[in-house]
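S.K.: I have a structure here, written as structure tokens, and I will follow up with some questions on it.
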Amino acid sequence: MIDPANGVDRVARLLIVEGRIAAIDPADGDVPSNAKWIDASGKIVAPGLVDLGAELRQPGREEDETIQTGSDAALAGGYTSLLCCSNTNPVIDSAAAVELVIQIAQRVGGVRVYPIACLSKARESEQMAELAILHEAGAIGFSDSPRPMPNDALLKRALDYCRMFDIPIFDRPEVPGLAEGGVMHDGRVSLALGLKGLPSEAEDLAIARDVRLAEATKGRLHVGPVSTMGAIDMIGRVKARGIAISASVCPHNLNGSDESLRSFDARYKVHPPIRSARHVEMLQHAVADGTIDAIQTGHMPRAREKKGNDLDTAPFGAAALETTLSATVTDMVRTEIMSWTRAIECLSTNPAKIAKLDAGTLSLGAVADVVVIDPEATWTVRPEAFLSKCQSSPMEGRQLHALVTHTIVGGDVRFVATQSAVAGAEV
């Protein structure tokens, strides 16, 4: 059992009663006679994973994903809580839109879904949305992500205003003028391929502005996902001064390099872009040493017919809910860059703290959101077997380690691994 919130990393038994954690290592006499047993011998039991920003696309863009299919994919990936992005159609900039997403998710009865509402009206970066009304309706944060916020004054005002609610603003750091028309990381490979690049400076300058405004307002700011060495440097500096910001990274930025784009395959067209090997190495160490707080999926599902276009015209995006845990274990844990405890902290405990959710822990009395993981299982990523509607992934064809066998939400077992449900697991 691994529970970073309580410093637990040991062999144990876990008792769940009426949807909550009732005991760790209960005496046999304290276990109800009608209890359902899950044999987790040789496996890891941890708090359910929490994602800081997945696109579920419903309402309005159901050809890419629905709350049902996104929830199914999340459960298969070990997630019990998702923060969903505001770029639906219509966008989530009204109380009715927030309530609609919550109601659909409740009907689905899968993963817990928490809407991130728009920071600006209609995501147009001109007027601040009615944040108090949105928060009252159930929004747990604000962001125009995956669109960045270019309006400095609006962001400053919002950071100051949100101090009343003590909830975070999430910003996707990018300067639109520098990134406009970019297809991939701006470097030697993009030059050789003749493709317009997304310069690291576009992210670095946005991060510099974001952290300075957070320092000035003392508002709660989360920046991410980040992908550059410059971003890491600035985040580390402001954290050293005690500024309350947090940051996240996507698994596709923790492996490989922009060399993969030489194939001109649109499955590698993701955002933030896959950057050079030097950026990847620095990001790996920033996750391990705590400069970066969390790993988020970056789940941006797009329909097959959209991703089937040429590289320069295909949209950014990929399915990631079903591969993030395994990719993290493969690229970060098995390479001994970080421990299993740190991995669970980045995937569950810290995201829950950032979003202020009752999640990310196996404390007595806590809601029983739990994931069971087989750390020794290996599987090959086959997107055609994903539960997500999106069948595009930069992880396609990779052999990954670690497999979710059970996902439990509020004490209810909502996912049990089968051969068909794990995209080609080898058993």
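The values are calculated or read from the model by the stated rules, or taken from the named source; none is laboratory data. Every value quoted in this text rests on a predicted model; they were computed, and no experiment measured them. Please note: Cβ atoms are built from the backbone with ideal geometry, for glycine as well, and neighbour counts cover all protein chains shown.
S.K.: For Met395, all conditions in the list (1) surrounded by fewer than 24 Cβ atoms within 10 Å (Cβ to Cβ); (2) part of a loop (DSSP other than H, G, I, E, B); (3) out of contact with any strand residue (DSSP E or B) (no Cβ under 7 Å at 6 or more places or on another chain) hold save one; what is the number of the exception?
M.R.: Condition (1) is where Met395 drops out.
S.K.: Conditions: (1) surrounded by 16 or more Cβ atoms within 10 Å (Cβ to Cβ); (2) part of a loop (DSSP other than H, G, I, E, B). Lys156 meets all but one. Number of the miss?
M.R.: (2)
S.K.: Let me ask another. Among the residues of region 259-287, count how many are of a type in the set (Lys, Arg) and either within 20 Å of Gly53 (Cα to Cα) or assigned to a loop (DSSP other than H, G, I, E, B) (or both).
M.R.: Residues in region 259-287 being of a type in the set (Lys, Arg) and either within 20 Å of Gly53 (Cα to Cα) or assigned to a loop (DSSP other than H, G, I, E, B) (or both): 3 in total.
S.K.: Another question, if that's okay. Could you check region 291-356 for helices (runs of 4 or more DSSP H) lying wholly inside it with 2 or more residues that are among the charged types (D, E, K, R), touching a residue at least 60 places away in the same chain (Cβ under 8 Å) and on the phi < 0 side of the Ramachandran plot? Spell out how you get there, then give the answer.
M.R.: Values: elements: 304-307, 324-328, 340-344, 350-355.
Where helices (runs of 4 or more DSSP H) fall fully within region 291-356 and carry at least 2 residues being among the charged types (D, E, K, R), touching a residue at least 60 places away in the same chain (Cβ under 8 Å) and on the phi < 0 side of the Ramachandran plot, they are 304-307.
S.K.: What pairs can you find where one residue is in region 1-21 and over 29 Å from Gly290 (Cα atoms), the other is part of a strand (DSSP E or B), and their Cβ atoms are less than 7 Å apart, with a gap of 6+ or different chains?
M.R.: Leu15/Ala22; Leu15/Ala23; Ile16/Ala22; Gly19/Val367; Arg20/Val367
S.K.: Follow-up question, since we're still on this one. Name the one entry in Val404, Val372 that is crowded, with 23+ Cβ neighbours inside 10 Å, farther than 26 Å from Glu55 by Cβ, among the β-branched types (Val, Ile, Thr) and in contact (Cβ under 8 Å) with a residue 12 or more places away in the chain.
M.R.: None of the other options fit; the residue is Val372.
S.K.: Another question about this same structure. Where residues in region 159-179 are in contact with a Ser or Thr (Cβ under 7 Å, 6 or more places away or on another chain) and buried (at least 16 other Cβ atoms within 10 Å of the Cβ), which of them is farthest from Cys250 (Cα to Cα)?
M.R.: Among those residues, the one meeting the criterion is Leu159.
S.K.: Restricting the search to region 150-181, which residues are at pLDDT 95 or above, out of contact with any strand residue (DSSP E or B) (no Cβ under 8 Å at 6 or more places or on another chain) and small (Gly, Ala, Ser)?
M.R.: The one that is at pLDDT 95 or above, out of contact with any strand residue (DSSP E or B) (no Cβ under 8 Å at 6 or more places or on another chain) and small (Gly, Ala, Ser): Ala153.
S.K.: While we're on this one: Evaluate the following for Asp166: is it in contact (Cβ under 8 Å) with a residue 60 or more places away in the chain and either among the charged types (D, E, K, R) or assigned to a loop (DSSP other than H, G, I, E, B) (or both)? Spell out the reasoning first.
M.R.: On the way: in contact (Cβ under 8 Å) with a residue 60 or more places away in the chain: yes; either among the charged types (D, E, K, R) or assigned to a loop (DSSP other than H, G, I, E, B) (or both): yes.
Considered against the rule, which asks whether it is in contact (Cβ under 8 Å) with a residue 60 or more places away in the chain and either among the charged types (D, E, K, R) or assigned to a loop (DSSP other than H, G, I, E, B) (or both), Asp166 comes out as yes.
Yes/no matrix, rows are residues, columns are (1) under 23 Å from Lys156 (Cβ atoms); (2) out of contact with any Lys or Arg (no Cβ under 9 Å at 6 or more places or on another chain):
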| position | (1), (2) |
| --- | --- |
| Arg212 | yes, yes |
| Gly219 | yes, no |
| Ile232 | no, yes |
| Val238 | yes, no |
| Ile245 | yes, no |
| Gly256 | no, yes |
| Arg267 | no, no |
| Arg275 | no, yes |
| Ile292 | no, yes |
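S.K.: When you go through Ala74, Ala105, Ala96 one by one, which is the residue that is out of contact with any Ser or Thr (no Cβ under 6 Å at 6 or more places or on another chain), surrounded by fewer than 18 Cβ atoms within 10 Å (Cβ to Cβ) and assigned to a helix (DSSP H, G or I)?
M.R.: Ala96 is the lone residue from the list that is out of contact with any Ser or Thr (no Cβ under 6 Å at 6 or more places or on another chain), surrounded by fewer than 18 Cβ atoms within 10 Å (Cβ to Cβ) and assigned to a helix (DSSP H, G or I).
S.K.: From the list Pro251, Pro273, Pro225, exactly one residue is under 27 Å from Arg334 (Cβ atoms), buried (at least 21 other Cβ atoms within 10 Å of the Cβ), touching a Cys at 6+ places or on another chain (Cβ under 9 Å) and not small (Gly, Ala, Ser). Which is it?
M.R.: Pro225
S.K.: Something else now. Being in contact with a strand residue (DSSP E or B) (Cβ under 9 Å, 6 or more places away or on another chain), in contact (Cβ under 8 Å) with a residue 12 or more places away in the chain and in a helix (DSSP H, G or I) narrows it down to one of Ala206, Ala202, so name that one.
M.R.: The unique qualifying residue is Ala206.
S.K.: Hey, another quick one. Give me the pairs: first residue in region 122-145 and in contact (Cβ under 8 Å) with a residue 60 or more places away in the chain, second residue among the acidic types (Asp, Glu), beta-carbon distance under 8 Å, and six or more apart or on different chains, which are they?
M.R.: Ser143/Asp171; Ser145/Asp171
S.K.: Still on this structure, please answer the following. List pairs: first in region 376-396 and small (Gly, Ala, Ser), second part of a strand (DSSP E or B) and surrounded by fewer than 17 Cβ atoms within 10 Å (Cβ to Cβ), Cβ under 9 Å, 6+ apart or cross-chain?
M.R.: Correct list of pairs: Ala377/Glu426.
S.K.: Select from region 132-149 the residues that are at pLDDT 95 or above and surrounded by fewer than 22 Cβ atoms within 10 Å (Cβ to Cβ) and list them in ascending order.
M.R.: The answer is Ala132, Ile133, His135, Glu136, Ala137, Gly138, Ile140.
S.K.: State all residues of region 148-163 that are of a type in the set (D, E, K, R) and either in contact with a helix residue (DSSP H, G or I) (Cβ under 8 Å, 6 or more places away or on another chain) or closer than 17 Å to Asp204 by Cα (or both); if no residue qualifies, say none.
M.R.: In the first step, residues of region 148-163 are kept if they are of a type in the set (D, E, K, R); the result is 152, 156-157, 160, 163.
Once the filter is applied, which keeps residues that are of a type in the set (D, E, K, R) and either in contact with a helix residue (DSSP H, G or I) (Cβ under 8 Å, 6 or more places away or on another chain) or closer than 17 Å to Asp204 by Cα (or both), region 148-163 yields Asp152, Lys156, Asp160, Arg163.
S.K.: Looking at this structure, is Val404 in contact with a strand residue (DSSP E or B) (Cβ under 9 Å, 6 or more places away or on another chain), over 30 Å from Ile169 (Cβ atoms) and in a strand (DSSP E or B)? Steps first, answer last, please.
M.R.: Values: in contact with a strand residue (DSSP E or B) (Cβ under 9 Å, 6 or more places away or on another chain): yes; over 30 Å from Ile169 (Cβ atoms): yes; in a strand (DSSP E or B): yes.
Considered against the rule, which asks whether it is in contact with a strand residue (DSSP E or B) (Cβ under 9 Å, 6 or more places away or on another chain), over 30 Å from Ile169 (Cβ atoms) and in a strand (DSSP E or B), Val404 comes out as yes.
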